[in-house]
Every structure is written in C-alpha cells, then in structure tokens.
1. From Cα pairs below 8 angstrom and at least 6 apart in sequence, can you work out the relative contact order of the range 35-85, rounded to a whole percent?
2. As an exercise, use a Förster radius of 35 Å and the Cβ-Cβ distance of Asp10 and Lys203 to find the FRET efficiency, rounded to the nearest 0.05.
3. Quick check: pseudo-label points 7 Å beyond the Cα along Cα→Cβ at Leu220 and Glu106, how many nm apart are they?
4. How far is helix 61-70 tilted off the main Cα axis of the chain, in degrees rounded to 10, range 0 to 90?
5. With the full set of protein chains in place, find how many percent of the accessible area of the range 2-104 is carbon and sulfur; take the probe as 1.4 Å.
6. In degrees between 0 and 90, to the nearest 10, how far off the longest principal axis of the chain does helix 107-123 point, with axes built from Cα atoms?
7. Mind running the shape call on the range 1-52? Use the C-alpha gyration tensor, a ≥ b ≥ c as the square roots of the eigenvalues: rounded below 1.5 for a/c, prolate if a/b tops b/c, oblate otherwise.
8. At a Förster distance of 25 Å, what's the computed FRET efficiency of Tyr33 paired with Ile73, Cβ-Cβ distance as r, to 0.05?
Amino acid sequence: MNIQVLIIEDEPKTAQSLKQGLEEYHYEVDLAYDGHFGLRLAKEKKYDIIVTDIILPYLNGIEICKELRGLGIQTPIIILTALGNTDDVVMGFDAGADDYLTKPFELKELLVRIRALLKRSSNAPLPPNILRTKEIEVNLDTRLVLRNGKRIELTPKEFALLVFFIRHRGKVVSKSDIADKVWDIDFDTGTNVIEVYVNYLRKKIDKDFEKKLIHTQFGLGYVFKDDEQ
C-alpha cells in the first residue's frame, strides 16, 4: 500500500505541483484548498503524513494542528511557513507540528523531511518510563516533569528538548545536534528557533531555582549539568 499524504495548500499551482511531484515517487496524495476541508479529510481518513500551509482560508494550519492533536490524531505534520518567520515555527511546534519547511523549497527537500518522519514514527524505540537526575524527574508516559518535587508545565517541544538534554547530560550538544535529534531537521542558520526554545525551557526549569541546569558554551552549544553538588 502506498504512503498516504494530505496536502493543505490554498495556492492551486503550488498544491498541484506538490501533488504531481509526490505522485511521481508513488505517494498517494489528497488535496485540500482550505483549512475546513483539510481538517475534515484529516479526521475522516488515516494519512501517513500531513503537509499544511499556515495561512489558509477559514482555518489556519496552527488551528488544524491543535484540533488534530486534541483529538488524539498523531499523524506527523509538516507546516509550511514564510522565510525566517520564527514565530510561526514556534507556534506550529507548540500546536503539535513535527517539522517545518520555509517557502520557497524544492520537492527533494520535502521528500527528505517526509522520509525522516516516516522512519521516526515507524521505528521509534520504546523508551524507559522514567528519567531522573539529581533535581529533575521526567515521566515519559504521562509527560509529568518535576524539579525538586515542583511540577513544571512544558509544551511538547520543550519536553522533547529537556529529554534530549537529560539523555546527554554533562556533554556539550550543538544547535545542529538539537535540530537533528529533537526536530529531525537540518540546522537552518537563518533562524533562531533553537535559541528560542532553549530560552523557553530555561525560564521554566531554571528561573525559580538557584542552581542552573542549562549552560551555554559559547561557540559550541549547550550543556545540561545536574550531577554536581
């Protein structure tokens, strides 16, 4: 059975071009030209990948992500955004999107992102249920995060970033490492998405505590330290 792809894009020429290109690689593609119809298709049919623009008639791509995740639909979602619009990317990830592409892009770039998400969703190992450091406890099933017994509320991407830091604690990780392992994307030096999310996470797990866990290594990346007294 071929891979099922839903493209939600209100620009007919772009949508048809993507459909034709993906079909040449034996993907089965449905098109929706507005947010309402796109959401309806996504709810009625099981897709392997959803590709949605953010700016859409009636219902935007962010709202589509939120609605689907709220219904428990975990189909990987790629959002399309204007070049350098970090706010759109952040909102998309917070709404439950898995990846993003900045317009304009080439078909081969979209193909790489689709293949990476398909591989991740089908081969993702089952992790241990609890991660612990001296001050942090993370339940990977319930997504409960505690620091010294205090509950910390995190968005999905903040949670994924914290888990990555904990699993690599004591080691310097670069922005490229984070982009590759947390987002499954190549690091785009034209955006500051990584810095934005590291700062978000710092405000939540470090701001109200004397001991800081996330440290910047200038020119290298970041290191999570929670083993020192």
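The values are calculated or read from the model by the stated rules, or taken from the named source; none is laboratory data. Everything numeric in this text was worked out from a predicted model, so none of it was measured. All Cβ positions, even for glycine, are placed from backbone atoms using ideal geometry, and neighbour counts span all protein chains on display. Remember, those area values only see protein heavy atoms, side chains included, never the ligands or the DNA or RNA. Shrake-Rupley method; radii C 1.70, N 1.55, O 1.52, S 1.80 Å.
1. On the way: 51 pairs, mean separation 22.4, N = 51.
Relative contact order comes out at 44 percent.
2. Values: r = 36 Å, r/R0 = 1.02.
Between Asp10 and Lys203 the formula returns 0.50.
3. 3.5 nm
4. 70 degrees
5. Values: 2400 of 4730 Å².
Carbon and sulfur atoms account for 51 percent of the accessible area of the range 2-104.
6. 60 degrees
7. Values: a/c = 2.82, a/b = 1.10, b/c = 2.58.
Here the range 1-52 falls in the oblate category.
8. Working: r = 21 Å, r/R0 = 0.83.
In this case the efficiency is close to 0.75.
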